[in-house]
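Read-outs throughout are calculated quantities, based only on the coordinates presented, and are distinct from any laboratory measurement. Worth saying up front: this structure is predicted, and the values here are computed from it rather than measured. Here Cβ is always computed from backbone atoms with ideal geometry, including for glycine, and neighbour counts include all displayed protein chains.
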Amino acid sequence: MKRRPRNVKKDKLVTWKLLVYSYVYLGIIQSVAGFTMFFIQMSDFGISPGELVRTSGLYFKLEAADFKGLNEAQQKEILFHAQTAFFVGIVLTRIAVLINCRTRVRSVFHQGFRNIPLNVGMLVEITIALVIVHVPGVNTVFGARPLDYKFWLIPLCFSVTLIAMEESRKFLIRNYSKKYPIIKSIFYW
C-alpha cells in the first residue's frame, strides 16, 4: 500500500518475462513432476515409458485391445492410478509455486507465513486433493484411485527444488543486482 499505483500506459501487468517465468520456468518443472509421477505409477504396474509410446490409439480406452495381457478393465484401472499420481504431482508443486510467488524479491523465510487466508487456502487445497484421492465414492466420481504414500512424498522433492531455485533467484536479486545490473534484468520477473 506504500507504493504508488502503476501507470496503466507504461506498466504492464503481464510481460514477456513473466510469461516465460510462469509457463517455461515454473510450468516445465510442474509438468515434469506430473509426468514423473505418471510414469512411476505405470512402472509400478510393470509398464515402462517406452512401452507407452503409441498406445493411446489401441489401449487404455473403451473397447481396448489386450495390452501385455491386460484386459480393458485392468488397463482403465491402471490409467486411473497413473492419472491420480499425475494430479497429486501437480497439486503439490502448485503449492510450492504459491509459496514462491508471494513476493518477487523477498525470501519466504524472512516473510514467514503470516498470511492466514493464504495458509488456510494451501491446507484446503491439500485437503481437497486428499479427499479426491482417498475418500471412497468421491474418488470414483473423479476417476481417482487411492495412492501409496510415496506418491505424496516424491512430488515434495520437486516442490523443495522449486522453492530452492526461487530462493536462489531472489538471493541473487537482493544481494547482487545493484553491483551487477544484468542480474536484475535477467532474473527479475
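Student exercise: in region 16-187, how many lysine pairs 8 or more apart or on different chains have Cα atoms under 29 Å apart?
Taking the Cα cut-off of 29 Å, the pair count is 12.
Across all directions of projection, what mean area in square nanometres is found for the Cα convex hull of region 37-133?
The orientation-averaged projected area of the Cα hull of region 37-133 comes to 8.4 nm².
Based solely on its DSSP helices, what 222 nm [θ] is calculated for the chain when runs of n ≥ 4 H residues each add -39,500 (n - 2.57) and the sum is averaged over all residues, nearest 500 deg cm²/dmol?
-19500 deg cm²/dmol
Using only the C-alpha atoms of region 56-99, find the volume of their convex hull and express it per residue in Å³.
Here the figure is 70 Å³ per residue.
For the residue pair L123 and E167, what label-to-label distance in nm results when each label sits 7 Å from Cα along the Cα-to-beta-carbon direction?
Once both label points are built, they end up 2.3 nm from each other.
Given the peptides 93-101, 145-153, 178-186, 15-23, arrange them by the average over their residues of other C-beta atoms within 10 Å, most packed first.
93-101, 145-153, 15-23, 178-186
What would the Debye equation give as log₁₀ I(q)/I(0) for region 16-187 at q = 0.09, 0.10, 0.20 Å⁻¹, counting only Cα atoms as equal point scatterers?
Values, matching the q order: -0.42, -0.50, -1.29.
Springs between alpha-carbon pairs under 10 angstrom, Gaussian network model over the chain: which of F35, F60, F109 fluctuates most?
F109
Take K68 and S56, extend 7 Å from each Cα along the Cα→Cβ direction, and tell me the distance between the two endpoints in nm.
Using points 7 Å along Cα→Cβ, the separation is 1.9 nm.
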